[in-house]
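Novice: What follows is a structure written as structure tokens; I'll ask about it next.
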Amino acid sequence: MSVAPQSNRVGELSRGPAEAISDKRALSMEVKQFRETLKSIEDHLRLRNFLVGYQMTLADVYLAVVAGQAVFACQAIMDKKTRDKEIPNVTRFATLVFEMIGQNPASLYSLT
């Protein structure tokens, strides 16, 4: 499964209507799948700044947007210490790409 729909689903379940939040089993299953998907991206970015090669490509911009959504979704399910431990490279990657295209990465991760 792709990380984009998973991050959206986790976000919806964790901050959505009360009936969605009350389905803790569904949320737990989504979070588990989401973490597994993020792990493959995290592993790929461990020794790289970009997906392919040594400079930013359109694929990096696309993944940074998706990764930004993922980091935002993770704020609802993981505290900062856990995020820093489990997805530091995804967070670093999204921040780097957004800084390179002149966007404020902090705005991606705000809950407003």
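The values are calculated or read from the model by the stated rules, or taken from the named source; none is laboratory data. Every value quoted in this text rests on a predicted model; they were computed, and no experiment measured them. When we count neighbours, we look across all protein chains shown, and the Cβ atoms used for this are built from the backbone with ideal geometry, even at glycine.
Novice: Output the residue which, of all residues in the range 33-44 that are out of contact with any Asp or Glu (no Cβ under 9 Å at 6 or more places or on another chain) and modelled with pLDDT under 90, is farthest from ILE101 (Cα to Cα).
Specialist: GLN33
Novice: Name the single residue, out of those in the range 45-71 being surrounded by 15 or more Cβ atoms within 10 Å (Cβ to Cβ) and under 9 Å from PHE93 (Cβ atoms), that is modelled with the lowest pLDDT.
Specialist: ALA67
Novice: Could you please find all residues in the range 77-95 being of a type outside the set (Val, Ile, Thr), surrounded by fewer than 17 Cβ atoms within 10 Å (Cβ to Cβ) and not in a loop (DSSP other than H, G, I, E, B)?
Specialist: Scanning the range 77-95 gives LYS80, LYS81, ASP84, LYS85, GLU86, PRO88, ARG92.
Novice: Quick check on the range 26-44: of everything there that is in contact with a Ser or Thr (Cβ under 8 Å, 6 or more places away or on another chain) and within 16 Å of THR91 (Cα to Cα), which residue is surrounded by the fewest Cβ atoms within 10 Å (Cβ to Cβ)?
Specialist: The extreme case among them is THR37.
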